[in-house]
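Have a look at the structure below, then the notes.
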Amino acid sequence: MGASGKMASFRLPPLPTIGEIIKLYNLRAQKQLSQNFLLDLRLTDKIVRQAGNVRNGFVCEVGPGPGGLTRSILNAGAAQLLVVEKDTRFLPGLQLLAEAAPEKVKIVHGDILTYKMERAFPKQLAKEWDDGPPDVHIIGNLPFSVSTPLIIRWLENIANRDGPFVYGRTQLTLTFQKEVAERLTASTGSRQRSRLSIMAQYLCNVRSCFTIPGRAFVPKPEVDVGVVHFTPLIQPQINQPFKMVEKVVRNVFQFRRKYCRRGIEMLFPEAQRSQLAEQMLLTADVDPTLRPTELSISHFRNLAEAYSRLCEEDAGLFSYEFRDELRQKKKQRRPGCTIEEEAER
(Lines give C-alpha, C1' and ligand atoms only; values in the text may rest on other atoms or scores of the structure.)
Protein backbone atom coordinates (compact mmCIF):
# COMPACT_ATOMS: atom_id res chain seq x y z
CA MET A 1 0.00 0.00 0.00
CA GLY A 2 1.19 3.49 -0.75
CA ALA A 3 1.44 6.16 1.92
CA SER A 4 -0.02 9.65 1.59
CA GLY A 5 1.01 12.93 3.17
CA LYS A 6 -1.90 12.57 5.58
CA MET A 7 -0.42 9.32 6.81
CA ALA A 8 2.88 11.04 7.45
CA SER A 9 1.30 13.54 9.84
CA PHE A 10 -0.81 10.97 11.70
CA ARG A 11 -1.00 11.17 15.50
CA LEU A 12 -2.87 8.78 17.72
CA PRO A 13 -5.98 10.18 19.41
CA PRO A 14 -6.11 10.43 23.23
CA LEU A 15 -5.89 6.93 24.69
CA PRO A 16 -5.54 5.34 28.13
CA THR A 17 -1.91 5.40 29.28
CA ILE A 18 0.12 2.19 29.13
CA GLY A 19 -0.18 1.98 32.93
CA GLU A 20 -3.95 2.25 32.62
CA ILE A 21 -4.00 -0.43 29.90
CA ILE A 22 -2.04 -2.74 32.21
CA LYS A 23 -4.59 -2.16 35.00
CA LEU A 24 -7.60 -2.32 32.67
CA TYR A 25 -6.68 -5.75 31.32
CA ASN A 26 -5.00 -6.97 34.53
CA LEU A 27 -1.70 -7.53 32.76
CA ARG A 28 1.27 -8.87 34.70
CA ALA A 29 4.69 -9.53 33.29
CA GLN A 30 5.43 -13.24 33.40
CA LYS A 31 8.89 -14.02 34.73
CA GLN A 32 9.10 -17.35 32.91
CA LEU A 33 8.67 -15.45 29.62
CA SER A 34 11.28 -12.81 30.59
CA GLN A 35 8.69 -10.06 30.14
CA ASN A 36 9.46 -6.50 31.24
CA PHE A 37 7.24 -3.56 30.31
CA LEU A 38 8.69 -0.24 29.17
CA LEU A 39 6.15 2.43 30.15
CA ASP A 40 8.09 5.65 29.49
CA LEU A 41 7.05 6.84 26.01
CA ARG A 42 10.09 9.14 25.87
CA LEU A 43 12.25 6.02 25.88
CA THR A 44 10.12 4.16 23.35
CA ASP A 45 10.24 7.27 21.11
CA LYS A 46 14.04 7.22 21.44
CA ILE A 47 14.17 3.56 20.37
CA VAL A 48 12.13 4.36 17.26
CA ARG A 49 14.41 7.29 16.38
CA GLN A 50 17.37 4.88 16.39
CA ALA A 51 15.63 2.89 13.65
CA GLY A 52 16.04 5.82 11.26
CA ASN A 53 13.24 7.34 9.23
CA VAL A 54 10.16 5.15 9.59
CA ARG A 55 7.80 7.84 8.27
CA ASN A 56 5.61 6.30 5.58
CA GLY A 57 7.53 3.07 6.10
CA PHE A 58 6.48 -0.49 6.85
CA VAL A 59 7.38 -1.77 10.30
CA CYS A 60 7.22 -5.13 12.03
CA GLU A 61 7.23 -4.90 15.82
CA VAL A 62 8.23 -8.04 17.69
CA GLY A 63 6.55 -8.73 21.03
CA PRO A 64 4.62 -5.45 21.47
CA GLY A 65 3.21 -6.43 24.87
CA PRO A 66 0.99 -3.63 26.24
CA GLY A 67 1.84 -1.42 23.26
CA GLY A 68 4.17 1.35 24.43
CA LEU A 69 6.65 0.96 21.57
CA THR A 70 3.69 0.39 19.24
CA ARG A 71 2.38 3.89 20.01
CA SER A 72 5.78 5.44 19.33
CA ILE A 73 6.04 3.68 15.96
CA LEU A 74 2.58 4.91 14.93
CA ASN A 75 3.26 8.44 16.11
CA ALA A 76 6.49 8.41 14.07
CA GLY A 77 4.33 8.15 10.94
CA ALA A 78 4.66 4.49 9.91
CA ALA A 79 2.34 3.71 7.00
CA GLN A 80 1.78 0.11 8.04
CA LEU A 81 2.59 -1.65 11.30
CA LEU A 82 2.59 -5.41 11.72
CA VAL A 83 2.74 -6.56 15.36
CA VAL A 84 3.56 -10.19 16.19
CA GLU A 85 2.52 -11.15 19.71
CA LYS A 86 2.56 -14.63 21.21
CA ASP A 87 0.79 -13.82 24.50
CA THR A 88 -2.99 -13.66 24.11
CA ARG A 89 -3.36 -11.41 27.17
CA PHE A 90 -2.00 -8.45 25.20
CA LEU A 91 -4.31 -8.77 22.20
CA PRO A 92 -7.25 -6.66 23.54
CA GLY A 93 -4.98 -3.71 24.29
CA LEU A 94 -3.36 -4.00 20.86
CA GLN A 95 -6.79 -4.16 19.26
CA LEU A 96 -7.61 -0.86 20.98
CA LEU A 97 -4.57 0.66 19.25
CA ALA A 98 -5.58 -0.85 15.92
CA GLU A 99 -9.00 0.76 16.20
CA ALA A 100 -7.38 4.11 16.99
CA ALA A 101 -5.24 3.84 13.83
CA PRO A 102 -7.64 2.53 11.16
CA GLU A 103 -6.06 0.43 8.40
CA LYS A 104 -2.59 0.94 9.81
CA VAL A 105 -2.16 -1.95 12.24
CA LYS A 106 -2.22 -5.67 11.56
CA ILE A 107 -2.10 -7.95 14.62
CA VAL A 108 -0.67 -11.44 14.28
CA HIS A 109 -1.12 -13.81 17.20
CA GLY A 110 1.89 -16.07 16.82
CA ASP A 111 5.53 -16.84 17.53
CA ILE A 112 8.07 -14.65 15.73
CA LEU A 113 10.44 -17.64 15.60
CA THR A 114 8.03 -19.45 13.27
CA TYR A 115 6.22 -16.55 11.58
CA LYS A 116 6.87 -16.31 7.82
CA MET A 117 8.28 -12.80 7.60
CA GLU A 118 8.78 -13.07 3.84
CA ARG A 119 4.99 -12.79 3.50
CA ALA A 120 4.60 -9.86 5.88
CA PHE A 121 4.74 -6.94 3.44
CA PRO A 122 3.95 -6.16 -0.23
CA LYS A 123 6.48 -7.60 -2.67
CA GLN A 124 6.87 -4.24 -4.40
CA LEU A 125 8.76 -2.94 -1.35
CA ALA A 126 11.70 -5.18 -2.19
CA LYS A 127 14.99 -3.60 -3.26
CA GLU A 128 18.07 -5.11 -4.82
CA TRP A 129 20.63 -6.15 -2.19
CA ASP A 130 23.20 -3.72 -3.59
CA ASP A 131 20.76 -0.81 -3.22
CA GLY A 132 20.02 1.06 -0.01
CA PRO A 133 17.92 -0.61 2.72
CA PRO A 134 14.22 -1.02 1.85
CA ASP A 135 11.48 0.96 3.55
CA VAL A 136 10.96 -1.97 5.89
CA HIS A 137 12.02 -1.99 9.55
CA ILE A 138 12.00 -4.54 12.35
CA ILE A 139 11.79 -3.03 15.83
CA GLY A 140 11.34 -4.82 19.12
CA ASN A 141 11.74 -4.72 22.88
CA LEU A 142 12.58 -8.41 23.01
CA PRO A 143 12.02 -10.73 25.98
CA PHE A 144 15.47 -11.80 27.18
CA SER A 145 14.66 -15.48 26.67
CA VAL A 146 14.09 -15.10 22.92
CA SER A 147 16.57 -12.37 21.98
CA THR A 148 19.67 -14.50 21.31
CA PRO A 149 18.01 -17.37 19.38
CA LEU A 150 16.04 -14.79 17.39
CA ILE A 151 19.05 -12.70 16.34
CA ILE A 152 20.93 -15.89 15.38
CA ARG A 153 17.92 -16.90 13.25
CA TRP A 154 17.83 -13.49 11.58
CA LEU A 155 21.59 -13.47 10.99
CA GLU A 156 21.19 -16.77 9.13
CA ASN A 157 18.33 -15.20 7.18
CA ILE A 158 20.66 -12.32 6.25
CA ALA A 159 23.32 -14.77 5.04
CA ASN A 160 20.71 -16.60 2.92
CA ARG A 161 18.79 -13.42 1.98
CA ASP A 162 15.49 -14.97 3.00
CA GLY A 163 12.89 -14.39 5.73
CA PRO A 164 12.56 -10.63 6.39
CA PHE A 165 15.52 -10.04 4.06
CA VAL A 166 13.69 -11.01 0.87
CA TYR A 167 12.90 -7.27 0.77
CA GLY A 168 16.62 -6.41 0.74
CA ARG A 169 18.86 -5.20 3.55
CA THR A 170 16.07 -4.75 6.12
CA GLN A 171 17.29 -2.89 9.21
CA LEU A 172 16.76 -4.14 12.77
CA THR A 173 16.51 -2.11 15.97
CA LEU A 174 16.27 -4.40 18.99
CA THR A 175 16.76 -4.52 22.74
CA PHE A 176 18.98 -7.03 24.55
CA GLN A 177 20.34 -7.55 28.01
CA LYS A 178 23.22 -5.10 28.31
CA GLU A 179 25.75 -7.95 28.42
CA VAL A 180 24.40 -9.43 25.18
CA ALA A 181 24.37 -5.97 23.55
CA GLU A 182 28.01 -5.56 24.53
CA ARG A 183 28.88 -8.94 23.02
CA LEU A 184 27.16 -8.07 19.76
CA THR A 185 29.18 -4.87 19.39
CA ALA A 186 32.47 -5.96 21.01
CA SER A 187 35.69 -5.16 19.14
CA THR A 188 38.71 -7.44 18.68
CA GLY A 189 40.58 -7.93 21.93
CA SER A 190 37.79 -6.76 24.22
CA ARG A 191 36.65 -8.84 27.18
CA GLN A 192 33.13 -9.15 25.73
CA ARG A 193 34.32 -10.48 22.35
CA SER A 194 32.35 -13.66 21.66
CA ARG A 195 30.69 -15.91 19.11
CA LEU A 196 27.88 -13.36 18.81
CA SER A 197 30.37 -10.58 18.02
CA ILE A 198 31.74 -12.45 15.00
CA MET A 199 28.42 -13.80 13.71
CA ALA A 200 26.78 -10.37 13.83
CA GLN A 201 29.68 -8.26 12.59
CA TYR A 202 30.69 -10.38 9.62
CA LEU A 203 27.18 -9.87 8.22
CA CYS A 204 26.11 -6.45 9.55
CA ASN A 205 27.12 -3.00 10.56
CA VAL A 206 26.24 -3.33 14.26
CA ARG A 207 25.78 -0.15 16.28
CA SER A 208 25.25 0.25 20.01
CA CYS A 209 22.61 2.98 20.35
CA PHE A 210 22.07 3.61 24.07
CA THR A 211 21.48 1.87 27.38
CA ILE A 212 18.17 1.82 29.23
CA PRO A 213 18.52 1.44 33.01
CA GLY A 214 16.70 -1.53 34.46
CA ARG A 215 14.66 0.77 36.72
CA ALA A 216 12.82 2.05 33.61
CA PHE A 217 11.08 -1.32 33.23
CA VAL A 218 8.20 -2.90 35.11
CA PRO A 219 9.02 -5.19 36.78
CA LYS A 220 12.61 -4.03 37.15
CA PRO A 221 15.03 -6.61 35.69
CA GLU A 222 18.29 -7.37 37.43
CA VAL A 223 20.23 -5.99 34.45
CA ASP A 224 20.24 -2.91 32.24
CA VAL A 225 19.12 -3.11 28.63
CA GLY A 226 21.02 -2.14 25.48
CA VAL A 227 19.47 -0.96 22.22
CA VAL A 228 21.32 -2.25 19.15
CA HIS A 229 20.85 -1.33 15.48
CA PHE A 230 21.77 -3.72 12.63
CA THR A 231 22.22 -2.85 8.96
CA PRO A 232 23.11 -5.84 6.74
CA LEU A 233 26.30 -5.36 4.74
CA ILE A 234 26.19 -5.41 0.94
CA GLN A 235 28.94 -8.02 0.99
CA PRO A 236 29.53 -10.25 4.04
CA GLN A 237 33.05 -10.14 5.42
CA ILE A 238 33.25 -13.94 5.22
CA ASN A 239 32.10 -15.57 1.98
CA GLN A 240 31.28 -19.01 3.31
CA PRO A 241 27.93 -20.66 4.17
CA PHE A 242 26.49 -19.48 7.48
CA LYS A 243 26.62 -22.92 9.10
CA MET A 244 30.26 -23.31 8.07
CA VAL A 245 31.18 -19.99 9.68
CA GLU A 246 29.06 -20.72 12.76
CA LYS A 247 30.75 -24.08 13.32
CA VAL A 248 34.26 -22.63 13.15
CA VAL A 249 33.39 -19.69 15.41
CA ARG A 250 31.51 -21.87 17.91
CA ASN A 251 34.40 -24.32 18.23
CA VAL A 252 36.99 -21.59 18.69
CA PHE A 253 35.03 -19.78 21.41
CA GLN A 254 34.11 -22.86 23.43
CA PHE A 255 37.64 -22.68 24.85
CA ARG A 256 37.77 -18.88 25.06
CA ARG A 257 40.46 -18.77 27.77
CA LYS A 258 42.83 -21.06 25.90
CA TYR A 259 44.84 -20.59 22.72
CA CYS A 260 42.69 -20.66 19.60
CA ARG A 261 44.40 -23.87 18.51
CA ARG A 262 42.50 -25.74 21.26
CA GLY A 263 39.08 -25.01 19.78
CA ILE A 264 40.25 -25.54 16.21
CA GLU A 265 41.50 -29.01 17.13
CA MET A 266 37.95 -29.92 18.12
CA LEU A 267 36.84 -29.56 14.50
CA PHE A 268 38.61 -32.81 13.70
CA PRO A 269 38.42 -36.48 14.72
CA GLU A 270 40.95 -37.48 17.35
CA ALA A 271 43.05 -39.59 14.97
CA GLN A 272 43.69 -36.59 12.67
CA ARG A 273 43.26 -33.79 15.17
CA SER A 274 46.78 -32.50 15.57
CA GLN A 275 47.74 -32.82 11.91
CA LEU A 276 44.61 -31.19 10.45
CA ALA A 277 44.52 -28.38 13.05
CA GLU A 278 48.12 -27.52 12.23
CA GLN A 279 47.36 -27.62 8.52
CA MET A 280 44.29 -25.39 8.93
CA LEU A 281 46.16 -22.80 11.01
CA LEU A 282 49.06 -22.78 8.57
CA THR A 283 46.78 -22.34 5.56
CA ALA A 284 44.87 -19.56 7.34
CA ASP A 285 48.11 -17.89 8.49
CA VAL A 286 46.75 -17.60 12.05
CA ASP A 287 49.02 -17.63 15.10
CA PRO A 288 47.92 -20.70 17.12
CA THR A 289 48.78 -18.93 20.40
CA LEU A 290 46.22 -16.15 19.92
CA ARG A 291 43.24 -16.26 22.28
CA PRO A 292 39.76 -16.42 20.69
CA THR A 293 39.00 -12.83 21.76
CA GLU A 294 42.15 -11.67 19.93
CA LEU A 295 41.04 -13.03 16.56
CA SER A 296 39.74 -10.47 14.06
CA ILE A 297 37.06 -11.14 11.47
CA SER A 298 39.87 -11.40 8.91
CA HIS A 299 41.34 -14.23 10.99
CA PHE A 300 37.98 -15.98 11.06
CA ARG A 301 37.56 -15.46 7.31
CA ASN A 302 40.88 -17.21 6.70
CA LEU A 303 40.00 -19.98 9.15
CA ALA A 304 36.58 -20.58 7.55
CA GLU A 305 38.14 -20.71 4.08
CA ALA A 306 40.83 -23.14 5.24
CA TYR A 307 38.24 -25.36 6.96
CA SER A 308 36.05 -25.26 3.85
CA ARG A 309 38.95 -26.58 1.74
CA LEU A 310 39.51 -29.41 4.19
CA CYS A 311 35.80 -30.26 4.07
CA GLU A 312 35.96 -30.40 0.28
CA GLU A 313 38.76 -32.96 0.57
CA ASP A 314 36.84 -35.04 3.14
CA ALA A 315 33.07 -35.06 2.54
CA GLY A 316 32.29 -36.38 6.02
CA LEU A 317 34.36 -33.84 7.93
CA PHE A 318 31.73 -31.11 8.24
CA SER A 319 29.27 -33.45 9.98
CA TYR A 320 31.85 -34.37 12.64
CA GLU A 321 31.14 -33.11 16.18
CA PHE A 322 33.74 -33.84 18.83
CA ARG A 323 31.12 -34.14 21.57
CA ASP A 324 29.55 -37.06 19.71
CA GLU A 325 32.92 -38.79 19.67
CA LEU A 326 33.30 -38.17 23.42
CA ARG A 327 29.85 -39.57 24.16
CA GLN A 328 30.79 -42.77 22.37
CA LYS A 329 33.71 -43.08 24.77
CA LYS A 330 31.54 -42.40 27.81
CA LYS A 331 32.16 -45.78 29.40
CA GLN A 332 35.89 -45.20 29.19
CA ARG A 333 35.78 -41.89 31.06
CA ARG A 334 36.94 -41.63 34.63
CA PRO A 335 34.08 -41.59 37.19
CA GLY A 336 32.75 -38.06 37.58
CA CYS A 337 34.73 -36.72 34.59
CA THR A 338 32.68 -34.31 32.46
CA ILE A 339 32.76 -34.06 28.68
CA GLU A 340 34.70 -30.80 28.94
CA GLU A 341 37.26 -32.39 31.27
CA GLU A 342 37.64 -35.35 28.93
CA ALA A 343 38.29 -32.92 26.05
CA GLU A 344 41.13 -31.45 28.07
CA ARG A 345 42.86 -34.79 28.48
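The values are calculated or read from the model by the stated rules, or taken from the named source; none is laboratory data. The structure presented is a predicted model; accordingly, all values stated were derived computationally and were not measured. Cβ: placed from backbone, ideal geometry, glycine included. Neighbour counts: every protein chain shown. Remember, those area values only see protein heavy atoms, side chains included, never the ligands or the DNA or RNA. Shrake-Rupley method; radii C 1.70, N 1.55, O 1.52, S 1.80 Å.
Protection proxy ranking for 51-58, 260-267, using the average of other Cβ atoms within 10 Å per residue and placing the highest first: 260-267, 51-58.
I'd like to check one number: the per residue accessible area of the chain, probe 1.4 Å, reported in Å² as a whole number. Could the numbers behind the result be given before it?
Numbers: 16680 Å² over 345 residues.
Heavy-atom SASA per residue in the chain reads 48 Å².
The gain in end-to-end length when the TYR320 to ARG55 segment is fully stretched comes to 90.5 nm, 0.36 nm per residue minus the alpha carbon separation.
The label-point distance for ARG119 and SER308, in a model that sets each label 7 Å from Cα toward Cβ, rounds to 3.3 nm. Over the C-alpha atoms of the stretch 1-156, the Rg to Rh ratio, Rh being the Kirkwood estimate, stands at 0.94.
Coupling constants for the stretch 219-235 follow from the phi torsions by the Karplus curve (6.51 cos²θ - 1.76 cosθ + 1.60, θ = phi - 60°), and in residue order they are x, 5, x, 7, 10, 7, 10, x, 9, 10, 10, 10, 10, x, 6, 4, 10 Hz; glycine and proline get x. Considering the stretch 157-231, its Cα convex hull presents a mean projected area of 5.6 nm². Between the amide H of GLN171 and those of VAL136, ILE138, distances stay under 5 Å, these residues lying 5 or more places away or on another chain, with hydrogens modeled in the peptide plane.
Below 8 Å, C-alpha to C-alpha, sequence gap of six or more: please give me the relative contact order for the chain in percent. Mind showing how you got there, number by number?
Details: 598 pairs, mean separation 44.5, N = 345.
Result for the chain is 13 percent.
Computed over Cα pairs, the Kirkwood radius of the chain leads via Stokes-Einstein (1.567 mPa s, 4 °C) to a diffusion coefficient of 59 µm² per second. Could you state the angle between the C-alpha long axis of helix 41-50 and the longest principal axis of the C-alpha atoms of the chain, as a value from 0 to 90 degrees rounded to the nearest 10? Taking Cα atoms only, the helix is inclined about 60 degrees. Close amide H pairs (under 5 Å, H built 1.01 Å from N) link LEU82 with VAL59, CYS60, GLU61, LYS106, residues at least 5 positions away or on another chain. Phi angles of the stretch 262-274 translate, via the Karplus equation with coefficients 6.51, -1.76, 1.60 and θ = phi - 60°, into HN-Hα couplings of 4, x, 5, 4, 6, 6, 10, x, 3, 5, 10, 4, 5 Hz per residue; Gly and Pro are given as x.
Applying the Karplus relation 6.51 cos²θ - 1.76 cosθ + 1.60 with θ = phi - 60° to the stretch 65-74 yields 3J(HN,Hα) values of x, x, x, x, 5, 4, 4, 5, 5, 5 Hz, where x marks Gly and Pro.
With the cut-off at under 20 Å, measuring from each backbone N in the stretch 159-183 to a point 7 Å along the Cα-to-Cβ line of GLU222 picks out 176-183. For VAL225, the residues whose amide H sits under 5 Å from its own are LYS178, ILE212, GLY214, ignoring neighbours fewer than 5 places away on the same chain, with H placed 1.01 Å from N. Using only Cα atoms and rounding to the nearest 10 degrees, what angle (0 to 90) does helix 144-160 make with the longest principal axis of the chain? So the inclination is approximately 70 degrees. Its Cα gyration tensor gives the stretch 85-209 an equivalent ellipsoid. The semi-axes, each the square root of 5 times an eigenvalue, are 27, 20, 12 Å from largest down.
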